[in-house]
Amino acid sequence: GNSRVTILLLGLDYRDCDIEGYAECDQQGVARSDSMMLVTVDPLTKTVGMLSIPRDLWVQIPGYDYGKINTAYFLGEANRMPEGGPGLAMDTVEQFLGVPVQYYGLVDFRTFERLIDEIGGIKIRPTERIKLDPVGPIEPFWREPGTYLVDGPTALSYARNRKTEGGDTDRSNRQQEVILAV
């Protein structure tokens, strides 16, 4: 078509939902969104824009009180709303930013890792020394600034890391870097 399209990308972490008492999940295995990114595509100019939404951003969630934006998905799923978690997350972002959101995409961490492994890995370019801690039997390790070809679990660890000088801002930049690398 010839109209701008906006997509809300949600990264979900279900890996630990089966662990009793895990704070990010309820008894039915409903997780909060770990990552949110708004992607806009303009078919006329053939451009794409990305806006990372910090998971701890305090917003009004329609039909609920104020809370962290990553709670919107959880509330929609846990309360079995008609459009579920994606619908409530889209409504929350629309209300907060004033931008219509037409579509959503969901990806869980295992799928994310598998996708990157299937394409043969991606190149990351850390700009500062960073500790990577992939889930599983891999021991944490450090990467100095440079260019590295990494597998799925390492790319996920790189994208999710919040323990750098710039915290969530650095995390958002790394997530966009990973998406562009894919």
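Odds and ends about this structure:
- Residue count for the stretch 126-182, restricted to those that are among the charged types (D, E, K, R) and not in a loop (DSSP other than H, G, I, E, B): 8
- Criterion: small (Gly, Ala, Ser), open to solvent by less than 40 Å² (accessible area, probe 1.4 Å) and at pLDDT 90 or above - qualifying residue of Gly29, Gly49: Gly49
- When the residues of the stretch 74-97 are filtered to those that are of a type outside the set (S, T, N, Q) and assigned to a loop (DSSP other than H, G, I, E, B), the one that is surrounded by the fewest Cβ atoms within 10 Å (Cβ to Cβ) is Pro82.
- Evaluation of Gly21 against (1) open to solvent by 60 Å² or more (accessible area, probe 1.4 Å); (2) modelled with pLDDT under 95; (3) part of a strand (DSSP E or B) (one fails), failing number: (3)
- The stretch 121-131, subset open to solvent by less than 80 Å² (accessible area, probe 1.4 Å) and out of contact with any Lys or Arg (no Cβ under 6 Å at 6 or more places or on another chain), residue modelled with the lowest pLDDT: Glu128
- Note on the stretch 98-120: among residues that are open to solvent by less than 60 Å² (accessible area, probe 1.4 Å) and of a type in the set (A, V, I, L, M), the one that is nearest to Ser157 (Cα to Cα) is Ile116.
- Taken over the stretch 52-73, the residue count meeting the criterion of being of a type outside the set (S, T, N, Q), open to solvent by 30 Å² or more (accessible area, probe 1.4 Å) and outside any loop (DSSP other than H, G, I, E, B) is 3.
- Residues that are in contact with a strand residue (DSSP E or B) (Cβ under 9 Å, 6 or more places away or on another chain), more than 24 Å from Gln60 (Cβ to Cβ) and open to solvent by 50 Å² or more (accessible area, probe 1.4 Å) do occur in the stretch 153-170.
- Residue in the stretch 132-152 that is nearest to Val107 (Cα to Cα), counting only those that are open to solvent by 70 Å² or more (accessible area, probe 1.4 Å) and modelled with pLDDT of 90 or more: Asp133
The values are calculated or read from the model by the stated rules, or taken from the named source; none is laboratory data. A quick note: this is a predicted structure, and the numbers were derived from the prediction, not measured. When we count neighbours, we look across all protein chains shown, and the Cβ atoms used for this are built from the backbone with ideal geometry, even at glycine. The protein model used for the area step is the full one, side chains on, heavy atoms only, and it has no ligands, DNA or RNA in it. Shrake-Rupley method; radii C 1.70, N 1.55, O 1.52, S 1.80 Å.
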